[in-house]
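Please read the structure below before turning to the comments.
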Amino acid sequence: MPPLTLITHGDANVTVTRRFAAPSEHVYRAHLEPDLIRQWIIAMPGWSMPICETDSQVGGEFHFAWDDGEGGGFAITGQYILLDPNQRIEHVERMHIPDPTPDNHIETTFEVDGAGTLLALEMTLPDSAARQEMLDMGAADGMDASYAMLDAIAF
Amino acid sequence: MDCQTTAMLDRSFAALADPTRRAILLQAAQGEAGVMELAAPFEMSQPAVTRHIKVLTDAGLIKRRSQGTKRLCRLSPDGLDNIAPWLTMLSDAYGAKYNQLDVVLARMADGPT
């Protein structure tokens, strides 16, 4: 597996970079098309994703929801700010657990790197209240819930 | 991660959000120093520097001790370690997710897309 790098900068910003052995068109599409998103965005056994909708145009909204199969779950909604085909996605998103967290701004760039793609994702860390809610949910439902949310945020 | 760790993490991030405090922390990383020495490079009063040092101490980033009438400050490595578990969790989550994306991309290359 190609290595993942995660660096912090500024007050609470994180940049994640990762190389993929696939053309940037494919990596870009896998971030926008619900049929493809469903195949990689859910990692927790036992969890399902009943809602996965994207309106992939500038100003379009998306809606994802996860269900732990035991009455628990959470959702993420957001809006696309900029879509530069095969090169860049800028969006805002917030978690609903169930009250919405403050908007988080995320920029994902896809750079051609030989036959592959170098992905760089820049996000703001969730604020302390959102982190606390995620950890509280983990304490109540087991760490799986916290990890499920970490898997879901900022993709 | 327990609640106490989370609370400390929040204080660490808040303390590190200020550029002056980051600079003081870098000074303290050079070795144990008094408040006056830490304040020397900055154009601010000693009470202002003392306040910044208190925030860093509360966040567990700096440890203080008295030597006679002198108050000495030094970097506390434990404090900086508090941020690491959170980032490790984030890194693990991205790692797992992107490994799965590799699988999806391989399928896209093989089949009709």
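Of the GluC sites (Glu not before Pro) in region A:39-80, the ones in a loop by DSSP (not H, G, I, E or B) with at most 15 other beta carbons within 10 Å are A:GLU70. Put a dot 7 Å past the Cα of A:ALA120, heading toward its Cβ, do the same for A:ASN13, and the two dots end up 1.1 nm apart. Taking every protein chain into account, the accessible area of region A:64-112 amounts to 46 square angstrom per residue (probe 1.4 Å). Rounded to the nearest 0.05, the FRET efficiency derived from the C-beta distance between B:SER66 and A:VAL92 at R0 = 45 Å is 0.35. Only Cα pairs under 8 Å and at least 6 apart count here; give the relative contact order of region A:1-122 as a rounded whole percent. Contact order relative to length: 24 percent. Between B and A, buried accessible area from a 1.4 angstrom probe totals roughly 3300 Å², ignoring ligands, DNA and RNA.
The values are calculated or read from the model by the stated rules, or taken from the named source; none is laboratory data. Values in this document were obtained by computation on a predicted structure and should not be read as measured data. We place every Cβ from the backbone using ideal geometry, glycine too, and count neighbours over all the protein chains shown. Note: areas computed on protein heavy atoms with side chains; ligands, DNA, RNA excluded. Shrake-Rupley method; radii C 1.70, N 1.55, O 1.52, S 1.80 Å.
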